Amino acid sequence: MKAPLPLALLVVVAPALAGQSRASRQIDSAYAQARAGRLDSAEALLRPLLDSSTPSKPEEHASALVVYGVVEFFRGSDSAAARAFHDALEIRLDLRGDWMFRVDSSLGRLWRRERTRAICGMPEPMAVDFLPPDTAGVGSPASVLTEKPGILSGPMVRYPEHLRRARVQGRVVVAAVIDTTGEAERGSIKIVESPHPDFSGQAIHYLEKARFRPGRIGTRPVRVCVEVPVDFRIRQ
């Protein structure tokens, strides 16, 4: 078993933890037990959420899995922690885990690996070029790139009229694997986060039609997994 979790773990895992539902209270309590090093008590609180005997929203279930993954990591079971993180990301790809590096660098790297796999798929591309802060830092695969992918051209993005009238704005983060010819690989495009589903479709369309300068290692073009921000702003 690894050392008990330091108090630095007092970080909100997901917005759901701030809620007042029964599931949120159980996650909060499990989190507190884990911080105190009482890992069995933490699991006992999480178990009804993990086996769905306590009703929960998808984001609450994902948060419970993240906390469970941290518990398993500090029990010394990296494989069980990785499975929990993977399952959480299957539910909510927009979960952020950069706080884990402040807890334990190995925990942070484990989270990063599973997030990369969830976003980029398997087999993993040669390199990853993600937006900060979640995947930036020590040991990032992007460090091997001699030249990062760059957007050469792309289609016009249509602002959904009903969202314009409602003055809904925001940023979509869309991920894709850019192949050696500078195109997004079929089936690799994923929405990482989005303020509205109707923005998501436009962002996907953009990545499908955009053309990139491929990433390179030396002079050799390589497959690179990227996150691309697509902003929807209303000019004042």
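Rounded, prolate or oblate: pick one for the range 162-236, where a ≥ b ≥ c are the square roots of the eigenvalues of its C-alpha gyration tensor, a/c under 1.5 means rounded, and failing that, prolate if a/b is larger than b/c, else oblate. Prolate shape, in that a/c is at least 1.5 and a/b is the bigger ratio. Computed over protein heavy atoms with a 1.4 angstrom probe, the accessible surface ordering of 219, 180, largest first, is 219, 180.
When the surface is traced with a 1.4 Å probe over the full set of protein chains, residue 234 keeps roughly 20 Å² accessible.
Comparing mean-square fluctuations of 108, 182, 76 from a GNM of the chain with C-alpha springs under 10 Å, the top value falls on 76. In loop segments of the range 154-236 as defined by DSSP, the trypsin sites (Lys or Arg not before Pro) with at most 15 further C-beta atoms inside 10 Å of their C-beta are 158, 167, 186, 233, 235. In this simple spin-label model, placing a label point 7 Å from the Cα along the Cα-to-Cβ direction at both residue 159 and residue 171 gives a separation of 1.8 nm.
From helices alone, the chain scores -12500 deg cm²/dmol at 222 nm; the rule is -39500 (n - 2.57) for each run of n ≥ 4 DSSP H residues, then divide by the residue total. For the chain, the tally of Lys pairs with Cα-Cα distances below 25 Å comes to 4, considering only residues 8 or more apart or on different chains. Each label point was placed 7 Å from the Cα along the Cα-to-Cβ direction; for residue 122 and residue 90 their separation is 1.1 nm.
With the other protein chains left in place, how much accessible area per residue, in square angstrom, belongs to the chain at a 1.4 angstrom probe?
49 Å²
What number, in percent, do you get for the relative contact order of the range 148-236 if the mean sequence gap of Cα pairs under 8 Å and at least 6 apart is divided by its residue count?
43 percent.
With a simple spin-label model that places each label point 7 Å from the Cα along the Cα-to-Cβ direction, the separation between residue 32 and residue 144 comes to 4.5 nm.
The values are calculated or read from the model by the stated rules, or taken from the named source; none is laboratory data. All figures in this text were calculated on a predicted structure; none of them were measured in a lab. Cβ coordinates were reconstructed from backbone atoms using ideal geometry, including for glycine residues, and neighbour counts include every protein chain displayed. Areas reflect the complete protein model, heavy atoms only, side chains present, ligands, DNA and RNA absent. Shrake-Rupley method; radii C 1.70, N 1.55, O 1.52, S 1.80 Å.
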